[in-house]
Amino acid sequence: MFYINTKKLLISGAVSLLSITMLSPAYTNELISNKINYSLLVEKDVSVIRQILNFLKPKPGNPFYIAIMYNPTEKQSQDDSIQLKNIINNGSKIHDLNIIAEAVSINNLKELKNYNAIIMGKDVSNYYSNIFQAVSEYKLISFTNDLKCVENSLCTLYIETNPSIEIVLNKSAAQKSSISFTSTIVMMVMEIEK
Amino acid sequence: MIKKLLYTSFLLNYFCLEPTFAQSIDYFEYEKLFEEPVTMSATGKPQRVSDSPINMDIITAKDISKSAAHDIPGILKNLVGIDVMQWSVLASDVNIRGYDQPYSSRLLVLVNGRQVYLDHFGVTSWSLIPVELSEILQIEVVRGPNTALFGFNAVSGVINIITYNPIYYSVNSLTTRIGTPNYKEVSLTSSAKEENLGVRISASEIKSNNFKAQNSLLFDEYSYQVLPLKRSGSINVGYNINDNTVFNLEATTSEVRQNEFIPTWRLANSHYMAGSIKTDLNIDSDDFGILTASVYHNLLNFDMKSPTFYDQPKLINQVTVVKIQDLFKIDYNNTFRISGEWRRNEMNSTPFYGGDVRYDIYSGSIMLDHNFLKNLTFTNAIRFDYMKLSRTGEFIDQLPGTTPTFNNLDYDKSIKEPSYNSGLVYKPTKFDTIRLSTARGIQIPSLVDYGFYDVIVGPYGSAIFMSGNPGLKPTVVNNYEINYDRKLISIDSVVKTSLYHQNTKDLTTVPSTDPSTVINEYSYLNFSALFLNIGNSSATGFEIDFQRKLKNLNYGINYSYEIINDNLSLRQPQYGVNFHDTTPRHKINVKIGYEDGPIEYNIYGHYISTTDMLRLVEPNYEYVKIPNYISVDFITAYNFNEDFSLSLEGKNINKFHMKQTSGIYVEPQILLSMTVKW
């Protein structure tokens, strides 16, 4: 009868595992090196932002206003914020939540009192502290795809969507803005405090 | 024990005083957010399946709709490492990673956390499960022993079926299906939702003829054939007491008549009637995390006719379970779960009425999920079970002049067993996940093993008095496993691999003619035989699963290899156990799916390598050679719109009279289905 002993099986299994580990490493490196610039959010990120609002406690008011922060001295920053605004305003509703986005300059932080959340746009990293002061004052939730902003407690949520969804929540930043989420979502995201 | 009671009392008090916080998990919302299925089953903590510390696959509602199968075993057999033995149109036995056999009792099967395996023997009658495919949100398939995380019977794995929560989703669907062999099915699911209240009802009926491959029946089995019948109904009510508190109530009923193989490897005509009621309360609080309390009661009425038995065994089995669990985050890196459970499982002695055998089990478990690093998580769970066995009522003398094998005092026994699960999940890159896990699972002997009392037909017209054995030891399974998953971004696919080694200690067997199971020889032809622990077994295996999903095309292939070495104290196969030969070494599943506008095509292929399966042919067991075989299933669906579709389904279409087991040959089934949704 056909028979393979345990030792042979373990060896062949280990070889197979190694073979798969070596599979397509070049493409992996390429993907990592081409990581999306943190200051440009894409449609998929926006979709995650839309969905995560559903897990806010209490539930967000309707309509929900989002400010996209941009640096007026950088044309690319302004263009990106307008592009992102269009993505959000033209996107589909989730749970009937009507989200209205506007581009807001870092020079007009007082305008943030009219919003419920902000998204850090391109080339605003030098102004995180100022923005966060306003965000805390007006009790807003802030989204970014710059992990450092969350690690430095200057943003509430870090969103990454490639190759898989990663969400990092800074609890102290959230507390300063009086933002809280359901226990369930808190258990599913990476929570940090610094 | 006192501390546990105090803690439970504290939780109950807290829970009663402030029932103002909670939110039940809406799986579908989380699946959409994280773009992968989500589970709470593994640790009690909501997590993505890729973060789970155990080897788990999740079959989504979409996967089910594309499956060619119209029952749960048919869906499961597409997964890597799953063994399915189909005995008739309705009856199948399913197990994970080998050890499949008639009345397979190593699997924990749950519907929304309620056990649907039948506790008198630990067996799952799949057709009896009162759930419609249209109301299933996902099926979680967990491989390996997971007693500490999931509970009893989870020694080879867990199948956890989760239905749509009626608070969040309305499911309205009517499916009618007709085909061969004179197969007729109607399945209805209907929901109503109003603000904080959701109600869903479901019902179905299946009638069919038998497969015609009667040449595979033994002479004395012909008269035991029965026309397959299934009826079931359920009601599920969900109520959002407030934003943080959800209450659920489920009640079910089901009836099945089917031919199946029983542990003596002979045909039986079985009739099951089952009912259940269950309530849950989930509280999601900032103060004490997620608190869940559930209470349920299962009732089974079972009778069977078989050439094995002189008389017709009739069983009434009742199970009551009370469970409370609290899950909370201690700090950023630690999540803790504590749970307590009480269950009572009782059964009458049959067919010699007058006695009842029961056990009470008190269990406590804790789980700690610790993040060493962002990409390194270590999960440990420990469970302790204390079982108190007892028996009341009379023992009827087996024959004039003989004495019963045991008395009630022999049943005054207790068992204390610890179990554990330990899993390390490491994600060295965003594309790779490595899991190392080890576990000790416990299978408590069933009430039949302990307290059955009947006469079976032995060789040459002899009578064997089958007696349960209160001295049985639990079966213990130790598992050591490594999993490696890799996302192949370049081709938009995933490869999952597993390597495992498993030791099973103190397997049990039904009584037989083997001299070692015989304890009282009254005469040459008449004697008593016991359920016994018969030794150990080990299994080593390797699994690989590749899946790719493109826009219109999806395909996948999986392969599993397993070798089992039995080390049994009795000679094989006299006592009906031989996992070495009855478990296929190689299993391959292939699927290809293609969508072209409103038309969907899905085809599934299965290869199972040769086995020597057992069958009782008086006076002894004999081997039946099951040559390796390929079976092909397909489904072609035309979706007129989102609410109306027609499909043509085929099962085992590539061969007439396919010999898949030592029982009845399986025949091709062609079915036409119509589904209306609203």
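Take the conditions closer than 23 Å to residue B:208 by Cβ, of a type in the set (S, T, N, Q) and more than 14 Å from chain A (Cβ to nearest Cβ) and apply them to residue B:317. Does it pass?
So residue B:317 does not fit the description; no.
Out of B:345, B:334, I need the residue that is surrounded by fewer than 18 Cβ atoms within 10 Å (Cβ to Cβ) and touching an Asp or Glu at 6+ places or on another chain (Cβ under 8 Å). Which one?
Exactly one residue qualifies, and that residue is B:334.
Would you check if there is a residue in region B:53-61 being within 8 Å of chain A (Cβ to nearest Cβ) and either in a strand (DSSP E or B) or in contact with a Ser or Thr (Cβ under 8 Å, 6 or more places away or on another chain) (or both)?
No, the conditions are met nowhere in region B:53-61.
Could you give every pair whose Cβ atoms fall below 8 Å, whose first residue belongs to region B:24-44 and is more than 7 Å from chain A (Cβ to nearest Cβ), and whose second residue is surrounded by fewer than 20 Cβ atoms within 10 Å (Cβ to Cβ) and modelled with pLDDT under 85, counting only separations of at least 6 or pairs across chains?
Cβ pairs passing all conditions: B:36/A:164.
Going through B:242, B:236, B:269, B:259 one at a time, which residue ends up being at pLDDT below 95 and within 30 Å of residue B:25 (Cβ to Cβ)?
Selected residue: B:242, the only one of B:242, B:236, B:269, B:259 that is at pLDDT below 95 and within 30 Å of residue B:25 (Cβ to Cβ).
Take region B:274-310 and flag every residue that is in contact with a Phe, Trp or Tyr (Cβ under 9 Å, 6 or more places away or on another chain), surrounded by fewer than 17 Cβ atoms within 10 Å (Cβ to Cβ) and either among the aliphatic types (A, V, I, L, M) or in a loop (DSSP other than H, G, I, E, B) (or both).
Correct list: B:277, B:286, B:287.
Could you please find all residues in region B:470-513 being more than 14 Å from chain A (Cβ to nearest Cβ), crowded, with 22+ Cβ neighbours inside 10 Å and over 20 Å from the mean Cα position of the chain (by Cα)?
B:470, B:510, B:511, B:512
Given the residues B:266, B:257, which is the only one that is more than 14 Å from chain A (Cβ to nearest Cβ), closer than 27 Å to residue B:211 by Cβ, free of Cβ contacts under 8 Å to residues at least 40 places away in the same chain and not polar (S, T, N, Q)?
Just a single option satisfies the conditions, and that option is B:257.
Quick grid of which residues meet (1) closer than 20 Å to residue B:56 by Cα; (2) touching a Cys at 6+ places or on another chain (Cβ under 8 Å); (3) at pLDDT 75 or above; (4) part of a helix (DSSP H, G or I):
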position	(1), (2), (3), (4)
B:479	yes, no, yes, no
B:483	yes, no, yes, no
B:495	yes, no, yes, no
B:499	yes, no, yes, no
B:506	no, no, yes, no
B:516	no, no, no, yes
B:520	no, no, no, no
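When residue A:49 is evaluated against the numbered criteria (1) modelled with pLDDT under 90; (2) within 13 Å of chain B (Cβ to nearest Cβ); (3) surrounded by 17 or more Cβ atoms within 10 Å (Cβ to Cβ), which criterion, by number, is the only one it fails?
The single condition residue A:49 does not satisfy is (1).
Condition (residue is assigned to a strand (DSSP E or B), within 30 Å of residue B:368 (Cβ to Cβ) and either touching a residue at least 12 places away in the same chain (Cβ under 8 Å) or basic (Lys, Arg) (or both)) applied to region B:80-94: is it met by at least one residue?
Within region B:80-94, not a single residue is assigned to a strand (DSSP E or B), within 30 Å of residue B:368 (Cβ to Cβ) and either touching a residue at least 12 places away in the same chain (Cβ under 8 Å) or basic (Lys, Arg) (or both).
Could you check, for region B:98-113, whether at least one of its residues is in contact with a Lys or Arg (Cβ under 7 Å, 6 or more places away or on another chain), within 16 Å of residue B:274 (Cβ to Cβ), touching a residue at least 24 places away in the same chain (Cβ under 8 Å) and surrounded by fewer than 24 Cβ atoms within 10 Å (Cβ to Cβ)?
no
Mind listing whichever residues of region B:470-487 are among the β-branched types (Val, Ile, Thr) and under 11 Å from residue B:444 (Cα atoms)?
B:475, B:476 - these are the residues of region B:470-487 that are among the β-branched types (Val, Ile, Thr) and under 11 Å from residue B:444 (Cα atoms).
I need the full set of residues from region A:157-188 which are more than 8 Å from every other protein chain (Cβ to nearest Cβ), assigned to a loop (DSSP other than H, G, I, E, B) and under 27 Å from residue B:337 (Cα atoms), in order please.
A:179
Only residues in region A:37-49 that are more than 13 Å from residue A:99 (Cβ to Cβ) and polar (S, T, N, Q) count as the first member; pair them with residues that are assigned to a loop (DSSP other than H, G, I, E, B) and at pLDDT 75 or above, Cβ under 9 angstrom, at least 6 apart or cross-chain, and list the lot.
From region A:37-49, the pairs are A:37/A:122; A:37/A:145; A:39/A:121; A:39/A:122; A:39/A:123; A:39/A:124; A:39/A:145; A:39/A:146.
Only one residue in B:244, B:282, B:248 is away from chain A (no Cβ under 14 Å) and among the polar types (S, T, N, Q). Which one?
B:248
Considering each residue of region B:527-565, count those that are more than 14 Å from every other protein chain (Cβ to nearest Cβ) and in contact with a helix residue (DSSP H, G or I) (Cβ under 6 Å, 6 or more places away or on another chain), and give that number.
4
Which numbered condition trips up residue B:397, out of (1) at pLDDT below 95; (2) crowded, with 16+ Cβ neighbours inside 10 Å?
Residue B:397 satisfies all of (1) at pLDDT below 95; (2) crowded, with 16+ Cβ neighbours inside 10 Å except (2).
Tell me which residues, restricted to region B:322-349, are modelled with pLDDT of 95 or more and within 14 Å of another protein chain (Cβ to nearest Cβ).
Result: no residue meets the conditions.
Among what's in region B:541-575 and is buried (at least 20 other Cβ atoms within 10 Å of the Cβ) and not in a strand (DSSP E or B), pick the residue that is modelled with the highest pLDDT.
If we take residues in region B:541-575 being buried (at least 20 other Cβ atoms within 10 Å of the Cβ) and not in a strand (DSSP E or B), then B:575 is modelled with the highest pLDDT.
Give region B:156-185 a look and list any residue that's assigned to a strand (DSSP E or B) and over 15 Å from residue B:69 (Cα atoms), or say none.
Within region B:156-185, B:157, B:158, B:159, B:160, B:161, B:162, B:163, B:173, B:174 qualify.
The values are calculated or read from the model by the stated rules, or taken from the named source; none is laboratory data. Note that the structure is a prediction, hence the values are computed from the model and not measured. Positions of Cβ are backbone-derived with ideal geometry, glycine not excepted, and every protein chain shown enters the neighbour counts.
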